[in-house]
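Structure record follows, encoded as structure tokens.
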Amino acid sequence: MTGRKVIIAFNDDGHDTYKIDGKLVDLDNNLSTTVADIEGGLRARGMQPARLPLRDASGLREFAAVVAAARDSIIFNLCEGAFSRSALEMNVAALFELYGARFTGSGPLALGLALDKGVAKDILRSRGVPTPNYAVMDAAPQSLPSGLEFPLIVKPLREDASVGIDTNAVVSSFYELRSRVEEIIARYSQPVIVEEYIDGREFNIAVLGNGAERKALPPSEILFVDFPEGRPKICCYEAKWVEDSPFFRKTVPSCPADVPEELKSELQAIALKSYGIIGCRDYARVDMRLGEDGRIKVLEVNPNPDISSDAGFARAAKASGLEYPDLIEAIIGAAEARYASQLSRAPQPLG
């Protein structure tokens, strides 16, 4: 693949701000680091990267023109939405498909299914994948839905990267539940998903490849170190992205996770099954919790996870023997093989 041209597409929405101890902290777009990392990985393997940022709607025509002309390249799709809207993540992938561009990662259907946490859990459960009990709400409830018991965690229905999940996300009373549901609906202009809070070990499994070639990488565990007494152990937005937050230093990834071989196999099998059910392609991450009852439950399938060089996916790849440039090359290789396979199966003209 030496000399291959790769276009890195990403949504460049500017900055996030987050309030910590009454202070507003300005965060650079997290994707800027990932783009630079991927460029380095591509160059290390002799490939030629080019950037394609998607900023505001006024630049959409120019963005589409580059996509339309990209037939000799492959697009490395990092777009997590468009115009500061996570819900448009699937639309960007659909645009690539409309122009016949080849791109890495999942297609629009899988991206849309995974983004709607309620629909994703409906599908997973119908296919035998265990998930926490849950209910979708578009207004504060008048009573506790059947099957739910406190404590519960309240999340925006259609966000990713732990947006909308902070240290108050877990509620322990009906009053707290109503207040939190109202707050999240008002802040994010969308329904919420309310689900069973599992106080247990948290794992994520990176999956790489397609078809018979896909494999689950070594499990990673989030260790909640010296968490304040009484605070729920959750990987909230601060813990993931805000280095000034005390929670950032108290959620420590451990990969490969220290687990028995039997548990490792079960985690990987559930991840592979979930990956296939949602229709993920090339790479994805599956998040799970192991409850005190010994049961694994899938929290989320993320078909567009963080793949920066210091993120969990890269750690899992390294634990499997893949250095970062190897991982980036493997993702591109999986996409190229997928498109080659589709071409070989395409109907041939008569005559």
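Each value in this text was obtained by applying a stated rule to the coordinates, not by laboratory testing. None of these values were measured; they are calculated from a predicted model. A quick note on method: Cβ atoms are made from the backbone with ideal geometry, for glycine too, and the neighbour counts reach across all protein chains shown.
Observations
- Scanning the chain for long hydrophobic helices, with DSSP H runs required to stretch 18 angstrom or more by C-alpha along their axis and to average at least -1.0 on the Kyte-Doolittle scale, returns 31-44, 174-188, 261-278, 324-345.
- When the C-alpha to C-alpha distance is required to be over 28 Å, the pairs from 155/215; 121/215; 121/264; 117/233; 5/215; 117/264 that qualify are 155/215.
- Furthest towards positive pole of dipole, 145, 94, 218, structure part the chain, Cβ charges: 94
- GNM top mover of 272, 148, 208 - the chain, alpha-carbon springs below 10 Å: 148
- Summing Lys and Arg as +1 and Asp and Glu as -1 over all other residues whose Cβ lies under 9 Å from the Cβ of residue 106 gives a net charge of 0.
- Value at 222 nm in deg cm²/dmol, rounded to 500, when DSSP H runs of n ≥ 4 in the chain each add -39,500 (n - 2.57): -10500 deg cm²/dmol
- The chain, dipole about Cα centre (Lys/Arg Cβ +1, Asp/Glu Cβ -1), debye to the nearest 20: 1080 debye
- Long-range Cα-Cα pairs in the chain (distance over 28 Å), rounded percent: 44 percent
- Each eigenvalue of the Cα gyration tensor of the range 90-215, multiplied by 5 and square-rooted, gives one semi-axis; in descending order these are 31, 18, 13 Å.
- Neighbour cut-off at most 12 other Cβ (10 Å), DSSP loop, trypsin sites (Lys or Arg not before Pro), the range 32-93: 71
- Once Rg and the Kirkwood radius are both taken over the C-alpha atoms of the range 67-134, their ratio Rg/Rh works out to 1.09.
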